[in-house]
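Chemist: Here's a structure for you.
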Amino acid sequence: MSSALSFAILAGGSSRRFGEDKALAPLHGRPLLAHVLERTAGLAAETFIVTNRPAAYAQFGQRLVEDLLPGYGALGGLHTALHYAAQPWLLVLACDLPLVNRALLEYMLTLTEGVEAVMPYLAGLPEPLHALWSKACLAPVDEALARGERRMVSILPAIRLRPVTQAEIEIYDPKHLSFLNVNTAEQLKEISRWPAE
């Protein structure tokens, strides 16, 4: 466990493409979000879920916080998570990453010296919903929100970022399973073909 780490799962999305709350959709008999919690258990000093439907998430036995800025997209979710995080560093994961790789997360935790965020890049694209953010990012997030931004990547030029390269990722997760997210019922069906662990 890292005593300097908070962990937030963002479950505030509208799940428009999925048609229902995808975090609660069953995979191998358990909600998607339960898989995320199981794979990260004990990693951080605290865990909480950012959601605007706290009654639906009480079943997970975690601290629940509601968006401070509803309707501000993923960047608003990051703002809320950074606001509530008690530790200097915050791991942010989307609620629909049931195959997240703990060894990769532990490696990312070794890369925080001298930077303000640690973020994987796949095919040249950042993965902000599978990243480490320091509390120092809160001010740039606030500034971006004031400009009307809604996307987490909008603050990357304003922070000291340590990219995690695809080559580094593949040491721990050669098939990139950590980043398989569920946006549609078809994607859930595809992921369900992977063996339960």
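Computed from the coordinates by the stated procedures, all read-outs in this text should not be read as laboratory data. Treat the numbers as computed from the prediction; the structure is a model and nothing was measured. With ideal geometry, Cβ positions are generated from the backbone for all residues, glycine too; neighbour counts draw on all protein chains shown.
Chemist: Within region 113-120, is even one residue small (Gly, Ala, Ser), more than 16 Å from the chain's Cα centre (by Cα) and surrounded by fewer than 19 Cβ atoms within 10 Å (Cβ to Cβ)?
Modeler: Checking region 113-120: at least one residue is small (Gly, Ala, Ser), more than 16 Å from the chain's Cα centre (by Cα) and surrounded by fewer than 19 Cβ atoms within 10 Å (Cβ to Cβ).
Chemist: Let me confirm something: among Glu143, Glu190, which residue is under 20 Å from Ala85 (Cβ atoms) and surrounded by fewer than 16 Cβ atoms within 10 Å (Cβ to Cβ)?
Modeler: That would be Glu143, the only listed residue that is under 20 Å from Ala85 (Cβ atoms) and surrounded by fewer than 16 Cβ atoms within 10 Å (Cβ to Cβ).
Chemist: Also: I'd like the full set of residues that are touching a residue at least 60 places away in the same chain (Cβ under 8 Å) and more than 22 Å from Pro31 (Cα to Cα), limited to region 68-79.
Modeler: Leu69, Tyr72, Gly73, Leu75, Gly76, Leu78, His79
Chemist: For region 124-134, check the following and say yes or no: at least one residue is touching a Leu at 6+ places or on another chain (Cβ under 8 Å) and over 30 Å from Ser192 (Cβ atoms).
Modeler: Yes, the conditions are met somewhere in region 124-134.
Chemist: Just give me the residues in region 117-155 being closer than 20 Å to Leu69 by Cα, in contact with a strand residue (DSSP E or B) (Cβ under 7 Å, 6 or more places away or on another chain) and of a type in the set (A, V, I, L, M, F, W, C), in sequence order.
Modeler: Leu129, Trp133, Cys137, Val153
Chemist: Looking at Leu93, Leu125, can you tell me which residue is on the phi < 0 side of the Ramachandran plot and touching a residue at least 12 places away in the same chain (Cβ under 8 Å)?
Modeler: Sole residue among the options that is on the phi < 0 side of the Ramachandran plot and touching a residue at least 12 places away in the same chain (Cβ under 8 Å): Leu93.
Chemist: Can I ask one more? Looking at Leu129, Leu90, Leu99, which one is touching a Lys or Arg at 6+ places or on another chain (Cβ under 9 Å) and surrounded by 21 or more Cβ atoms within 10 Å (Cβ to Cβ)?
Modeler: One residue alone meets the criteria, Leu90.
Chemist: Select from region 26-58 the residues that are outside any strand (DSSP E or B), hydroxyl-bearing (Ser, Thr, Tyr) and without any contact (Cβ under 8 Å) to a residue 60 or more places away in the chain and write down the one among them that is surrounded by the most Cβ atoms within 10 Å (Cβ to Cβ).
Modeler: Thr51
Chemist: Suppose we filter Arg102, Arg63 for residues that are farther than 17 Å from His176 by Cα and basic (Lys, Arg); which single one remains?
Modeler: Criteria check complete, one pass: Arg63.
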